[in-house]
Amino acid sequence: MAVYTDVAADELADFLSGYDLGDLLSYKGIAEGVENSNFLLHTTRGHFFLTLYEKRVAKADLPFFLNLMGHLAARGITCPQPVASRDGETLGTLAGRPAAIIDFLEGVWPRKVSVPHCAAIGEALAKLHLAGADFKMTRANALSVAGWRPLFEAAEARADTVQVGLRDFLATEITHLEANWPQALPRGIIHADLFPDNALFVGDTLSGLIDFYFACNDLLAYDVAICLNAWCFEADHSFNVTKASTFLNAYGKVRPLSEPEQAALPLLARGAALRFLLTRLVDWLNVPPGALVKPKDPLEYVRKLRFHQGVRTIAGYGLARSESVT
């Protein structure tokens, strides 16, 4: 979450007049993340989140995201629900941006990820994949393999200012992944951005999944690979095999990975690391002036990518093949 577009109090009050949310008591911007402008609202009816969708999020995709959250909630996935206006609309316009109000979930995201957190996320991700199987709307993943070269081209001229040799490292990796990316694996709805700051916990108990604005149709095992990168490395960027095996076992108890998915996991993990390396690099080089935003370090994902380049089988993630095959 972040704030790129400020909202004046009178504009917000006028916007809220179309909702049955009571009177506005206070609001504040949320400075985490890099995608949209987000505010925590406090009204006489409770707490809510307000999201203004910035340029990277296409307005045409918003019905997909908002309807998906309702679909998943109806199938037992705890996630925020869009709040409808008095006119029955879940999408409006505020400060020149598409805007939606989302209900508030209790819990905090884990600043220090533990093994129980990884178990809960593995189970939740598998349940999400199963719950999305009958969702009728579709959205292509613009940040999968076909989208990486344009990101690279947007950053390559200045890549070596971030780290010497980074341009050539990225060019070589993209060429390899484009030539070897798997196609014939199970596909469906994926979250595509399930980082610790998009999961809420009360203690070690998962209380909800949030921020579905990268959700799309893609390889289910690619979502698993994203979570390996997001949840199973330590603050010093070392890989925690206990967290990884716990996460993968918890996932496999709900939705076992097929043998082809297991075989492809090291390559998918490389792709997931590259995806976040590239988007972080572009953001690092192009932070809008005056934005209340903290760009994330792209070099974290250089180190993760190098780790995955050395993994040959799923055993490198602490899981024997027989542990997750039915």
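The values are calculated or read from the model by the stated rules, or taken from the named source; none is laboratory data. Remember, it's a predicted structure, so these values are computed and weren't measured experimentally. FYI the Cβ positions are ideal-geometry reconstructions off the backbone, even for glycines, and counts take in every protein chain you see.
Annotations for the structure displayed:
- The stretch 188-198: number of residues that are in contact with a Leu (Cβ under 6 Å, 6 or more places away or on another chain) and farther than 13 Å from Ala126 by Cα: 0
- Scan the stretch 274-290 for residues that are aliphatic (A, V, I, L, M) and modelled with pLDDT under 85 and the total you get is 1.
- Residue in the stretch 150-163 that is closer than 24 Å to Gln262 by Cβ and surrounded by fewer than 21 Cβ atoms within 10 Å (Cβ to Cβ) present: no
- Figure legend. Inter-residue proximity from the stretch 163-179: first residues over 20 Å from Phe307 (Cβ atoms), second residues among the aliphatic types (A, V, I, L, M), beta-carbon distance below 8 Å, spacing 6+ or different chains. Indicated pairs: Arg167/Ala159; Glu178/Val145.
- Condition check for Val224: modelled with pLDDT of 95 or more, touching a helix residue (DSSP H, G or I) at 6+ places or on another chain (Cβ under 7 Å), surrounded by fewer than 21 Cβ atoms within 10 Å (Cβ to Cβ) and of a type in the set (A, V, I, L, M): no
- Residue pairs meeting the criteria (Cβ under 8 Å; at least 6 apart or on separate chains; first outside the structural domain of His191 (by TED's automatic domain parsing) and farther than 11 Å from Leu128 by Cα, in the stretch 54-77; second among the charged types (D, E, K, R) and in a loop (DSSP other than H, G, I, E, B)): Glu54/Glu35; Arg56/Glu35; Val57/Glu35; Asp61/Arg139; Phe64/Arg139
- Residue among Ala142, Ala155 that is in a loop (DSSP other than H, G, I, E, B) and in contact (Cβ under 8 Å) with a residue 60 or more places away in the chain: Ala142
- Pairs are defined by a Cβ separation below 8 Å, a sequence spacing of at least 6 or placement on different chains, a first member in the stretch 253-272 that is in contact (Cβ under 8 Å) with a residue 60 or more places away in the chain and of a type in the set (A, V, I, L, M), and a second member that is in a loop (DSSP other than H, G, I, E, B) and surrounded by fewer than 16 Cβ atoms within 10 Å (Cβ to Cβ); the pairs so defined are Leu257/Val325.
- Test: residue in the stretch 234-244 that is under 17 Å from the mean Cα position of the chain (by Cα), polar (S, T, N, Q) and either more than 22 Å from Cys79 (Cα to Cα) or outside any helix (DSSP H, G or I) (or both): no
- Number of residues in the stretch 291-326 that are at pLDDT 90 or above, part of a loop (DSSP other than H, G, I, E, B) and either outside the structural domain of Phe239 (by TED's automatic domain parsing) or surrounded by fewer than 16 Cβ atoms within 10 Å (Cβ to Cβ) (or both) equals 4.
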